[in-house]
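K.L.:
The following block contains the structure, expressed as structure tokens.
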Amino acid sequence: MSNEQERQWADRLEVGAEDDELLALAARLRRAGQATRPTPPLAFQQQLRRDLLNQHAAAPEPGASLWRWAGSLAAVALLAVVVGLMWFSLSSAGRSTFGGSPPPAYQLLEHTVSMAAPPGGAANPPGDSLAPDVILVVDTRWSLPPEAGEVMAFVHLLDANGQVIAQADAPLQPTVIEAAAEGQATATASLTVTADMAANAYKLVAGLYDPATGARLPLGSDGATTVRLGEVPVAQPIETTAAEGPAPLPPPEGSARLETSSTNASDGLTPGATLEFSGSWHIPTGLAAGTDVMAFLHLRNEAGETVAQADGALTMEGVTALTPTDDAAEAGAWLFHLPLVLPDDLPPGDYLLVTGLVGANGQHLPVVDLAVSTEIVIGPVTIGRPEHTDPKITVLAVSPAAGAVLSGTQPITFNVRLAYNAVSPPALLEIRIAETVGENGRGVATAQVTLDSTSGEITVPVVLHPAQELNAPAKLGLWLQLRADAAAPPQLVAWPEGYRWRYNP
């Protein structure tokens with residue numbers, strides 16, 4: 001190829017001609033570079049053209065044609081390298097790296113959750129739940145980037161609304177310094193289940209934060225700052241009466257035993273007050289085959305006469321009827337709660353509390369204390385003189401049972417059995433089913449009844465229409481109000497503890 005031909009070839013290269021294989025390749029490389037970034041500057045292109053021409057300023061020597069072709073290919077290759085460098089320089093700024101997104105810099109590798117008893121000894125929650133004052137020990141192991149500075153770990157216990165109920169922070173352990181080369185660190189946080197926590201299932205989460213700024217550190221490509229560790233069930237313990245003397249002997253076959261019991265008999269009870277009695281029974285299978293079992297509580301005067309009484313069903317993890325087919329019946333531990341309302345006209349003095357079990361036919365079942373009998377004496381109770389006459393409303397029973405999960409759009413009827421005393425008749429009693437919103441409530445079902453006596457018991461149905469009042473999951477509770485009439489200010493407003501339901505559409 002002569003110098004004139006090479007100049008013509010270089011001119012065609014500059015204007016983007018594609019009439020031979022090398023020019024077509026150069027044009028494709030130029031277009032690839034233009035798709036990502038502007039072409040090399042004109043001065044660079046002109047200098048490249050002069051370099052190509054200067055290589056052939058001298059007359060060609062024999063056999064130099066092959067070298068000229070090699071030089072042309074080298075120029076094209078140089079152009080390809082320049083365009084390629086431009087392309088890859090943009091990949092890190094505007095496009096994802098090969099193989100997808102890198103793993104998060106901070107990542108939870110493993111965790112363990114264990115339980116430590118409080119200093120005073122373990123409480124006695126039912127089942128596998130945790131009791132107040134029990135300490136949760138959460139061990140975590142994390143993956144950290146090499147440039148990570150000081151990092152703190154946190155553990156939170158959240159309720160159903162995502163509110164923090166309990167929390168604990170933990171520094172990275174000294175072993176982190178040794179593991180830094182491997183990019184791993186460990187932390188141990190101790191979180192106490194406090195006594196004021198309601199019985200519920202709480203969510204346990206963990207994360208990391210910068211102690212200098214308080215900012216949480218991302219744990220994933222989606223920007224999440226917490227990772228869920230699991231659920232923690234919490235239950236209030238059953239208050240038990242301390243036993244004196246040696247451990248009780250196994251009950252004779254076919255008799256029940258009162259395992260635990262507690263009362264508020266030492267709270268200075270007066271006429272009109274409510275005596276609370278709760279605990280658990282051990283009932284062997286087959287004691288009352290085919291029948292329901294009820295617990296009773298009697299208050300007797302010095303003449304042995306029953307002056308007040310309360311009856312209630314036994315429960316075990318939501319089971320209310322004791323039958324021979326219940327696996328739970330084999331283990332016993334049937335729970336009860338008996339609120340006994342003392343009559344307003346009850347004379348002050350000393351009385352005796354007696355309890356036992358009764359079948360569906362009214363027959364008292366055999367129970368054992370020091371010997372087999374049909375009842376057990378709980379102990380003496382002193383009733384004092386009333387100090388005030390404020391009205392009082394006591395919830396005796398509700399249906400559906402407290403804690404039940406309700407669903408559907410059909411009307412739901414709540415039957416509420418109440419005891420009242422020290423009321424000035426006539427009085428207007430309003431019973432509401434309310435949706436709890438934070439610390440407030442919104443009434444979704446209401447019933448009113450007029451009380452024509454000073455004391456007594458009454459069952460009031462309250463009908464809720466979910467299709468009209470509820471359009472999302474909700475927490476429901478019981479709300480009571482007493483007033484002289486519809487226009488009078490309230491004499492009593494109560495939000496009884498323990499009477500809650502959950503609604504899911």
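What follows is calculated from the coordinates using simple rules that are stated; it is not laboratory data. Since this is a predicted model, take the numbers as computed values, not measurements. Positions of Cβ are generated from backbone atoms using ideal geometry, with glycine treated the same way; all protein chains shown enter the neighbour counts.
K.L.:
Name the residue farthest towards the positive end of the dipole of segment 392-504 from the options 409, 397, 478, assuming +1 on Cβ of Lys and Arg, -1 on Cβ of Asp and Glu, about the Cα centre.
P.N.:
409
K.L.:
Give me the one-decimal nm value for the distance between modelled label points at residue 399 and residue 110, 7 Å along each residue's Cα-to-Cβ direction.
P.N.:
Result: 5.3 nm between the two label points.
K.L.:
Provide the gained length on full extension for the span residue 209 to residue 7, in nm with one decimal, where the gain is 0.36 nm per separating residue minus the Cα-Cα distance. Provide the component values of the computation, followed by the final result.
P.N.:
Numbers: separation 202, 0.36 × 202 = 72.72 nm, distance 6.65 nm.
66.1 nm is the gain from fully extending residue 209 to residue 7.
K.L.:
Right, next: Net charge within 12 Å of residue 155 by Cβ-Cβ distance, Lys/Arg positive one each and Asp/Glu negative one each, not counting residue 155 itself?
P.N.:
That sum, taken over residues with Cβ under 12 Å, equals 0.
K.L.:
With label points built 7 Å along Cα→Cβ from the Cα atoms of residue 361 and residue 385, find their separation and express it in nm.
P.N.:
5.0 nm
K.L.:
Related question: If amide H atoms are built 1.01 Å from N in the plane of the peptide, which residues on other chains or at least 5 residues away come under 5 Å of the amide H of residue 500?
P.N.:
Placed amide hydrogens put 403 under 5 Å from residue 500.
K.L.:
Given a Förster distance of 22 angstrom, what is the FRET efficiency for residue 160 paired with residue 417, based on the Cβ-Cβ distance and rounded to 0.05?
P.N.:
Numbers: r = 28 Å, r/R0 = 1.29.
That gives a FRET efficiency of 0.20.
K.L.:
Taking 0.36 nm per residue of sequence separation and subtracting the Cα-Cα distance, how much length would be gained by fully extending the chain between residue 494 and residue 463, in nm to one decimal?
P.N.:
The residue 494-residue 463 span can extend by a further 9.2 nm.
K.L.:
Bins of 5 Å, beginning at zero and ending with the bin holding the largest distance: percent of Cα pairs per bin for segment 392-504, please.
P.N.:
2, 11, 24, 24, 17, 12, 7, 2, 0
K.L.:
How much length, in nm to one decimal, is gained on full extension between residue 225 and residue 19, taken as 0.36 nm per residue of separation minus their Cα-Cα distance?
P.N.:
Computed gain between residue 225 and residue 19 is 68.2 nm.
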